[in-house]
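A quick write-up on the structure given underneath.
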Amino acid sequence: MAGNAKGPAREIILGAAKDIRRRPVMWLLLSASALPLVFLFYFLVPGTPARWYILLLLAGYSVCFCVQFLFWCMGVFLYHGDSKGGSPNAYRKAFAGMRSRSRPALLPGLVTGVVAVFAFMAAQMLVSMLLSFLLTGGVSAGSVFVLTLVHFYLSYLVADLVMVLLVLVPQMICLEGGTRVEEVFRASYTLIKERYRDAMVLFIVPELVVRTLFLGASFAVYYVPGPGLIFAILLVSMSLLEGGRTAFVAAAFNRLYYRILEEESKKKRKGKDGKGEPGRGERPAKRSGGQAAKSGAKAGKAGSAGAGKPPAGKKRK
């Protein structure tokens with residue numbers, strides 16, 4: 001799989017883009033769920049007094065992220081239903097699925113929000129320390145501008161190195177029925193770890209696109225008259241971009257998840273034919289605790305499998 005990393009990732013990206021175009025309302029729902037997070041992180045927190053900064057960032061971000069996380073789970077259900085043919089009541093069924101898993105998703109969503117804050121803060125500090133060495137000898141104004149852009153991008157990309165390991169948590173909750181935080185986190189970590197290169201490509205592509213458009217929107221608002229209109233345009237555009245990014249991640253990692261199931265199924269069939277081992281069709285996160293991690297680790301050792309569709313006979317219970 002490592003030798004053919006670009007092919008599977010490209011195929012999944014194209015498929016996820018088709019999924020998003022097919023369900024534009026999901027993009028709008030995810031954008032609406034991202035509004036509180038965007039407002040808090042980009043508009044409220046930067047002006048907060050120092051003594052309240054960390055508390056508001058940790059508590060506020062994790063709560064706002066949890067709202068978006070629940071609709072992320074709805075997107076997982078919706079795109080999963082589309083992969084099986086879809087239905088006229090797809091949105092209603094996806095919302096019902098999200099409601100049924102809202103309790104198990106609540107705590108993982110809060111924890112993921114806290115992890116995201118710490119990862120971003122640590123990334124900012126590391127990138128700042130790295131770039132400070134480049135500034136010790138003195139630089140021109142143009143170089144400072146370039147380094148500012150580099151700092152902007154690297155802060156998010158370094159944080160993504162950590163966050164990508166948790167990107168399958170919604171699939172583990174919605175499609176595998178995981179209920180415990182440590183179980184779904186361990187399952188996501190072990191499954192992503194074995195195919196980290198493909199996962200990073202799928203995670204970084206929308207990140208780069210969204211952050212670039214963020215910059216474009218920030219520069220464009222200088223030509224917009226009135227602070228109120230500037231605020232409204234930035235808030236709406238950033239929310240739409242965050243919603244689109246989340247929709248892409250939900251659709252793309254659904255497809256990656258199907259590939260994982262295919263790889264696991266092929267390996268188990270091969271093992272059964274060679275050694276007579278039972279257990280065909282068992283899924284990674286249905287088993288609790290350490291068993292989920294062991295299964296996830298085993299799933300990634302097979303070669304490249306077919307294209308991101310649910311394997312035959314693999315139906316979510």
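The values are calculated or read from the model by the stated rules, or taken from the named source; none is laboratory data. Note that the structure is a prediction, hence the values are computed from the model and not measured. All Cβ positions, glycine included, derive from the backbone under ideal geometry; neighbour counts span all protein chains shown. Surface accessibility is based on the protein's heavy atoms, side chains included, excluding ligands, DNA and RNA. Shrake-Rupley method; radii C 1.70, N 1.55, O 1.52, S 1.80 Å.
Per-residue accessible area (protein heavy atoms, 1.4 Å probe) orders Lys272, Lys93 as Lys93, Lys272, starting from the largest. Per-residue 3J(HN,Hα) values for the range 153-166, derived from phi via the Karplus relation 6.51 cos²θ - 1.76 cosθ + 1.60 with θ = phi - 60°, read 5, 5, 4, 6, 5, 5, 4, 5, 4, 8, 5, 5, 5, 10 Hz in sequence order (x marks Gly and Pro). Couplings for the range 229-244, taken from phi via the Karplus curve 6.51 cos²θ - 1.76 cosθ + 1.60 with θ = phi - 60°, read 5, 4, 4, 5, 5, 5, 4, 5, 5, 5, 5, 4, 5, 5, x, x Hz in order; Gly and Pro are left as x. Cross-link reach is defined here as a Cα-Cα straight distance under 18 Å, omitting same-chain residues fewer than 8 places apart; for Lys266 the aspartates and glutamates meeting it are Glu194, Glu277, Glu282. For the range 175-182, putting each phi into the Karplus relation 6.51 cos²θ - 1.76 cosθ + 1.60 with θ = phi - 60° gives couplings of 9, 9, x, x, 10, 9, 4, 5 Hz, in residue order, rounded to whole numbers and with x for Gly and Pro. Around the amide H of Arg23, modelled in the peptide plane, lies no amide H under 5 Å away from a residue 5 or more places distant or on another chain. The label-point distance for Phe219 and Arg92, in a model that sets each label 7 Å from Cα toward Cβ, rounds to 4.7 nm.
Given R0 = 22 Å, the distance between the Cβ atoms of Arg103 and Lys18 translates into a calculated FRET efficiency of 0.10.
Counting Lys and Arg as +1 and Asp and Glu as -1, what is the net charge of the other residues whose Cβ lies under 13 Å from the Cβ of Phe185? So the surrounding residues net to 0.
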